[in-house]
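Notes follow once the structure below has been shown.
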Amino acid sequence: MQILAIYTGEYGQRHIQNIHAHAPKHWWIESWLAPSTYPLVIDDPADYLPGEVPPADLILSFAEAKGVAELLPDLARCSGAKAVLAPIDNEAWLPRGLARQLRGWLENIGVICVTPKPLCTLTEQDYGVTRRQRLSYQSPEISEFARYFGRPNLKLTVDTENRLIVAAEVQRDAVCGCARFVAQGIVGISVDEAQEKTGLLHHHYPCLASMGVDIDYGDTLMHVSGNIFKDEIGEQVKPYRKVQYIVPSTRSED
């Protein structure tokens, strides 16, 4: 699969570095540093496109400037891309209204576009956009990408006698690499402590989602991301945890 990854700053660089480090060998990845500033109205997108656009099956947009969204239809045409992944990890970079417009623009030229909010809600068949809403999609290119990067998926091995996590295999990493960081940090941890430890590890990793309260979630996207990790681990250790029940004492009649 041929991939064109677009970035404007450190956010995108981190993602691209992690993809390069752990992508399947049959992926070919080209990156483009896009301009970071744009006028309010872009008269001619061609003025901001690279001189030569490499061929691509999938475009990944990790831009920290909303003006890049207006370039994506032309980049898709020039590259021959069949699909575009443009995550919303910060509404200042891709507001929800512009994301809807982008999906429509690309649909009009026969290109599938997904805008997961945040990026680590992406799976092989759908992605999150609000607390209660997920959108499904059909794109072999995006599904292929989401097989390796998206919603974190870890397979835990538990020593049932000692109730310790003895191995954590990353089956799908977060695009930023946080799942691998969490997997390394929870090995040797008691199942009773695993969920809380996961939250702390996510907090210590440089999550790139926004810390502003998002109207669609009623929470910060960073916390949404952290809860995804905690739920992933919590569900797997649940059968091994010891649950303490507090029984109230008998009430005195005196």
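Bear in mind that the values in this text are calculations on the coordinates, not laboratory data. Predicted model, so just to flag it, every value in this text is computed and none were measured. Virtual Cβ from ideal backbone geometry, glycine too; neighbours counted across all protein chains shown.
Legend: P(r) of the chain from all alpha carbon pair distances, 5 Å bins from 0, whole percents, reading 1, 6, 13, 16, 17, 14, 11, 7, 5, 3, 2, 1, 1, 1, 0, 0, 0, 0. Close amide H pairs (under 5 Å, H built 1.01 Å from N) link Asp219 with Asp214, residues at least 5 positions away or on another chain. Checked against a 27 Å cut-off, the cross-linked pairs Lys117/Lys242; Lys25/Lys66; Lys117/Lys230; Lys25/Lys197 give Cα-Cα distances beyond that limit for Lys117/Lys242; Lys25/Lys66; Lys25/Lys197. I'd like the distance between the alpha-carbon centres of the range 10-31 and the range 62-106, rounded to an integer number of Å. Cα centres, the range 10-31 to the range 62-106: 19 Å.
Peptides 190-201, 17-28 ordered by packing proxy, namely the average of other Cβ atoms within 10 Å per residue, highest first: 190-201, 17-28.
Stretch Gln133-Arg163 to full length: gain in nm at 0.36 nm per residue minus the Cα-Cα span?
On the way: separation 30, 0.36 × 30 = 10.80 nm, distance 3.56 nm.
Length gained, Gln133 through Arg163: 7.2 nm.
If the segment from Gln125 to Ile109 were pulled out straight at 0.36 nm per residue, it would be longer than the present Cα-Cα gap by 3.6 nm. Net charge dipole, the chain: roughly 520 debye, given to the nearest 20, about the Cα centre with Cβ charges of +1 for Lys and Arg and -1 for Asp and Glu.
Students often check this: by mean Cβ neighbours within 10 Å, which of 91-100, 35-44 ranks highest, and how do the rest follow?
91-100, 35-44
How fast does the range 153-240 diffuse by Stokes-Einstein, in µm²/s, taking the Kirkwood radius from C-alpha pairs at 20 °C and 1.002 mPa s? Value of D from the Cα-based Kirkwood radius: 162 µm²/s.
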